[in-house]
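See below for the structure under consideration.
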Amino acid sequence: MGIKSNSENNPSTGDDIKLKSGREGLMGWLNPTRYGWERVSYWLQRLTGVGLLIYFIGHIYETSSLVNGINAWNSMLELTQTTGGHIFLLLVIGASTFHTVNGLRLIFTESGIGIGRPGRPDYPYDATSLNYKQKSGIWVAMLLAAIAMLYGGMVMFGDVS
């Protein structure tokens, strides 16, 4: 048993401090491998919500160009009639569908529907709130978003009228 030097008590590298404090910052939050489906669903819900808010503001700006006359409106619509515009609209369709269905799943969860009975928190602390009903709700949200994007793509690219 000896006395530790000051450098052993206070590590000087950032990695040592990160490990000692347990804080990873933004990189820890963005690491999808350490979380389950519930966290991925939370992350996608937030991202689609912010994306839809940005789209909503842009949509209001686009629609307000109608007050400047038909030529201004037509020039604004030309932006959406490109391949890039169609792909952007497909992403909006997918984001809005996922956000809506996952939001309904969250409403049911907050109401206590589909979360099961509470269990004793024994190690290894498995989340009892994410049972098969909740996992299937996340998968249904993703599946419906993919189907909506597929149908929207077929309509926009001319396969379906």
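The values are calculated or read from the model by the stated rules, or taken from the named source; none is laboratory data. Note that this is a predicted model, so its numbers are computed, not measured. Don't worry about glycine lacking a Cβ; one is built from the backbone with ideal geometry, like all the others, and counts go over all protein chains shown. Just the protein is used for accessible areas: all its heavy atoms, side chains included, with ligands, DNA and RNA removed. Shrake-Rupley method; radii C 1.70, N 1.55, O 1.52, S 1.80 Å.
Let's test the formula: R0 of 30 Å, r as the Cβ-Cβ distance of residue 80 and residue 43. What FRET efficiency results, to the nearest 0.05?
Numbers: r = 28 Å, r/R0 = 0.94.
With a Förster radius of 30 Å, E is 0.60.
Any idea of the accessible area per residue across the range 46-160, 1.4 Å probe, to the nearest Å²? Before the final figure, lay out the partial values.
Working: 8120 Å² over 115 residues.
It amounts to 71 Å² per residue over the range 46-160.
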Enter the accessible area of residue 100 (Å², nearest 10), with the probe set to 1.4 Å and all protein chains included.
-> 80
Report in % the part of the accessible area of the range 32-72 that belongs to carbon and sulfur, leaving out ligands and nucleic acids; probe 1.4 Å.
-> 70
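Would you mind calculating the gained length between residue 136 and residue 33 on full extension (0.36 nm times residue separation, minus the Cα-Cα distance), in nm to one decimal? Write down the numbers at each step before the final one.
Numbers: separation 103, 0.36 × 103 = 37.08 nm, distance 1.97 nm.
This chain segment gains 35.1 nm when fully extended.
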